[in-house]
1. Restrict the check to the range 22-31 and report whether at least one residue is under 25 Å from residue 116 (Cα atoms), surrounded by 12 or more Cβ atoms within 10 Å (Cβ to Cβ) and touching a helix residue (DSSP H, G or I) at 6+ places or on another chain (Cβ under 8 Å).
2. Being modelled with pLDDT of 90 or more and in contact with a helix residue (DSSP H, G or I) (Cβ under 6 Å, 6 or more places away or on another chain) is true for just one of 66, 96. Which residue is that?
3. Which numbered condition trips up residue 8, out of (1) under 29 Å from residue 159 (Cα atoms); (2) at pLDDT 85 or above; (3) surrounded by fewer than 17 Cβ atoms within 10 Å (Cβ to Cβ)?
4. Any idea which of 117, 78, 45 is assigned by TED's automatic domain parsing to the domain that holds residue 10, in contact with a strand residue (DSSP E or B) (Cβ under 8 Å, 6 or more places away or on another chain) and modelled with pLDDT of 85 or more?
């Protein structure tokens, strides 16, 4: 999943570390006086260009209208006093846009907001909102997988599986693995893991779209990159239709088959996760 605000969020570490964001230039290299302006350094300079690019890509966002709507005074003190915890993503971007646009008439305004830490507060809030949005998108995208055979919903949190966490997976704790190749239908290019440890059962999801090497995950757990459906030692395969495959530990297979014997592959696809969690918690 690609973040709309990735370019801004990526600047947080550097802006947190940097203290020298820029300096005022009052003369040229030969000592001649010039109209004063600010030369920005490193991430601070990147910030200005990032705002410019965002404005070009999102002409639909009217900074003045958004600030007025949220009763934020369009002044330096007005923006600095705004409660960052009450700002949504678009309003934060409106604040950044206002600062950048206003600097054309008031040199050094961006520097002032950087030095006082306001820009960093906005970016950290933007990061929080972006993470919440991505988690919400994943949850909504896979809500249908949390329905059991009776159509009732179960609260099944699905955690993001990232490449830097693949090495932490204990193959012995993985009870179910569901994969949909790039040629399949449904949640294309994704992999789901139902993991049981000493504390609880958890569900993880990763996808090619989000940069996850699902082949590496598959190989780590099943010891193969392309597994014949019926010869994986200790595992059983179930066809979920349309390019979707489900692998489970042998001990679950008979019960799972009994639960789904009257269902089509697509029907099993819709209910497998709830059934898998129930069995993993019990066994």
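1. yes
2. Values: 66 fails: modelled with pLDDT of 90 or more.
Within the list 66, 96, the selection yields 96.
3. That leaves (3) as the condition not met.
4. On the way: 117 fails: in contact with a strand residue (DSSP E or B) (Cβ under 8 Å, 6 or more places away or on another chain); 78 fails: in contact with a strand residue (DSSP E or B) (Cβ under 8 Å, 6 or more places away or on another chain).
Every option except 45 fails the conditions.
The values are calculated or read from the model by the stated rules, or taken from the named source; none is laboratory data. The model shown is predicted, which means the values in this text are computed figures rather than measured ones. Don't worry about glycine lacking a Cβ; one is built from the backbone with ideal geometry, like all the others, and counts go over all protein chains shown.
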